Amino acid sequence: MEAALELLANDGYYASSISKIAEKAGVSKGLMYNYFESKDALVLELLSKGIDEMLEYFDPNNDGILTEAEMESFIRNIFMLLKKDIKYWKLYYALFLQPQAFKLIQDKYTNLVPAFIGILTRYYEAHNSKDPVNEALLFGAMMDGVGFNYVMNPSLYPIDNLIDTILEKFCYIKNNKNEKT
């Protein structure tokens with residue numbers, strides 16, 4: 001899977017055949033098929049693993065409600081995941097831009113987005129947002145944009161410098177702390 005991740009992230013979905021992945025991994029093509037029935041199955045496994053890891057940090061107690069602490073933890077952990085495995089996230093963003101590859105995860109992604117936006121909307125409703133749906137959508141787009149820019153050029157996009165600003169604008173933690181003092 002590491003060899004597949006590296007090839008797919010660097011060369012793209014179409015240029016990374018099972019043969020190339022097997023060669024990079026130092027195994028036979030036949031052995032690859034013992035583990036994955038196709039390149040698509042391998043890509044789906046890679047993407048699902050990363051998406052599932054990300055979701056572990058969002059609403060960790062699965063109650064459908066985000067607290068300020070859960071929101072802060074989610075934001076910090078997403079940035080930690082980006083930095084920890086930049087190759088994976090490079091692949092993640094690249095595959096979203098390739099129609100054939102996106103079809104592999106479209107069902108999973110399409111089902112997750114409304115639930116994700118719904119939980120965020122309730123979070124912003126609880127914080128008296130003027131437009132909680134649009135704030136939830138904006139938050140999601142902003143996080144995608146920050147992630148995309150970071151994985152494409154980490155030296156020019158220092159995400160650590162953005163964390164406090166994102167927390168202040170989207171998490172309400174800093175606002176609440178300032179109100180109490």
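Select from region 88-141 the residues that are open to solvent by 50 Å² or more (accessible area, probe 1.4 Å) and among the hydroxyl-bearing types (Ser, Thr, Tyr) and write down the one among them that is nearest to residue 47 (Cα to Cα).
My answer is 109.
Quick grid of which residues meet (1) modelled with pLDDT under 90; (2) of a type in the set (A, V, I, L, M):
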{"position": "48", "(1), (2)": "yes, no"}
{"position": "61", "(1), (2)": "no, no"}
{"position": "68", "(1), (2)": "no, no"}
{"position": "75", "(1), (2)": "no, yes"}
{"position": "92", "(1), (2)": "yes, no"}
{"position": "104", "(1), (2)": "yes, yes"}
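Looking at the structure I just gave you, is residue 118 in a helix (DSSP H, G or I), over 17 Å from the mean Cα position of the chain (by Cα) and modelled with pLDDT of 90 or more?
When the stated conditions are applied, residue 118 passes them.
If you go through region 21-35, how many residues are within 23 Å of residue 105 (Cβ to Cβ) and at pLDDT below 90?
3
So which residues in region 14-47 are surrounded by fewer than 20 Cβ atoms within 10 Å (Cβ to Cβ) and under 18 Å from the mean Cα position of the chain (by Cα), if there are any at all?
The answer is 44, 45.
Evaluate the following for residue 43: is it in a helix (DSSP H, G or I) and touching a residue at least 40 places away in the same chain (Cβ under 8 Å)?
yes
Any residue at all in region 66-86 that's over 18 Å from residue 169 (Cβ atoms), β-branched (Val, Ile, Thr) and part of a helix (DSSP H, G or I)?
yes
Can you tell me which of 72, 68 is open to solvent by less than 50 Å² (accessible area, probe 1.4 Å), over 15 Å from the mean Cα position of the chain (by Cα) and within 26 Å of residue 158 (Cα to Cα)?
Only one candidate qualifies: 72.
Run residue 63 past the list (1) within 28 Å of residue 164 (Cβ to Cβ); (2) in a helix (DSSP H, G or I) and report the number of the one that doesn't hold.
Failed condition: (2).
The values are calculated or read from the model by the stated rules, or taken from the named source; none is laboratory data. All figures in this text were calculated on a predicted structure; none of them were measured in a lab. A quick note on method: Cβ atoms are made from the backbone with ideal geometry, for glycine too, and the neighbour counts reach across all protein chains shown. Note: areas computed on protein heavy atoms with side chains; ligands, DNA, RNA excluded. Shrake-Rupley method; radii C 1.70, N 1.55, O 1.52, S 1.80 Å.
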